[in-house]
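Working notes, beginning with the structure itself.
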2 protein chains.
Amino acid sequence: MATRRCQVFVSGLDAAIDVVGGKWKVLILWTLGQGTMRFGELKRALDGVSEKMLIQHLRELEQDEIVHREAHHGVPPKVEYSLTDVGGTLIEALRPLGDWGCAHKERLESLRAAEG
Amino acid sequence: MATRRCQVFVSGLDAAIDVVGGKWKVLILWTLGQGTMRFGELKRALDGVSEKMLIQHLRELEQDEIVHREAHHGVPPKVEYSLTDVGGTLIEALRPLGDWGCAHKERLESLRAAEG
DNA sequence: CGGTATCCGCGTCGATACTG
DNA sequence: CAGTATCGACGCGGATACCG
């Protein structure tokens, strides 16, 4: 029943890419993988991201239970973001793809520079 | 130098997601993984895709040397698409992510149905 | 059969300004 | 510091019609 397994595989892939597909998501994921960070730290670490997109992606990842958000209401405000266990497994699942990308990155770039 | 390796890893991930991020790309990839197919077969196999997107994604994958295009000019016209060796390695790299998606798909869907 | 060309809606992304 | 609100540009993706 290889055919049935394909569909499952592909739909799993779709789901995963949906989680990770946003422009800054993998970057957020990886950065958070380094350890717990506050909102401001995250923003500085991901230099170039707008607050809007950072919040938006953070909320989505939070909803998907990939990141954990812990707010400390007070003065000054302090919110800490960290990876959940599920987030950790996602990073592991991403590793082979990251390695593949590493191995082919330069070739891809030159191909696109030449023809695209 | 974990910090340097992170950047490499992330940029590799970005490159990979760029290759595979289009709406139908993984599906095309997987379908072609089953074996060589003609344009029409591919279109029927990926029921619902418009010709425009199929061609567009096919061209991009071809440019990235993920798929191979072989045209037989004649009557009737016949064009066959197949996976390259690189395409094969990409599918392998995608497998853990697909498994992860499978394992979490239902949870993700219910989370999104509830809150999103 | 295997494309190409064109139009258009919609969601994504960025910039900017404002709030508790 | 950690957001929220709003606006506008842009590109993806779908539908349709046409070409070799």
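Miscellaneous remarks
- Residues of the stretch A:5-44 classified as open to solvent by less than 40 Å² (accessible area, probe 1.4 Å), more than 13 Å from DNA strand D (Cβ to nearest atom) and β-branched (V, I, T), total: 5
- Residues of the stretch A:5-33 classified as closer than 19 Å to A:R69 by Cβ and of a type in the set (V, I, T), total: 5
- Some residue of the stretch A:59-72 being hydrophobic (A, V, I, L, M, F, W, C), farther than 17 Å from A:V26 by Cβ and either facing another protein chain (nearest Cβ under 9 Å) or in contact with a strand residue (DSSP E or B) (Cβ under 9 Å, 6 or more places away or on another chain) (or both): yes
- Residues of the stretch A:91-116 that are open to solvent by 70 Å² or more (accessible area, probe 1.4 Å), at pLDDT below 95 and aliphatic (A, V, I, L, M): A:A113, A:A114.
- Taking each residue of the stretch A:47-69 that is away from DNA strand D (no atom under 12 Å from the Cβ) and looking for partners that are acidic (D, E) with beta-carbon atoms closer than 7 Å, six or more apart or interchain, yields A:Q63/B:E115.
- In the stretch B:1-102, counting only helices (runs of 4 or more DSSP H) that sit wholly within it, the ones holding 3 or more residues that are more than 10 Å from DNA strand C (Cβ to nearest atom) span B:2-20, B:25-33, B:51-63.
- Given (1) more than 11 Å from every other protein chain (Cβ to nearest Cβ); (2) surrounded by fewer than 16 Cβ atoms within 10 Å (Cβ to Cβ); (3) under 25 Å from B:S110 (Cα atoms), number of the condition A:Y81 does not satisfy: (2)
The values are calculated or read from the model by the stated rules, or taken from the named source; none is laboratory data. Predicted, not measured: the structure shown is a model, and the values here were computed from it. All Cβ positions, even for glycine, are placed from backbone atoms using ideal geometry, and neighbour counts span all protein chains on display. Just so you know, the surface numbers come from the protein's heavy atoms only, side chains and all, with ligands and any DNA or RNA stripped out. Shrake-Rupley method; radii C 1.70, N 1.55, O 1.52, S 1.80 Å.
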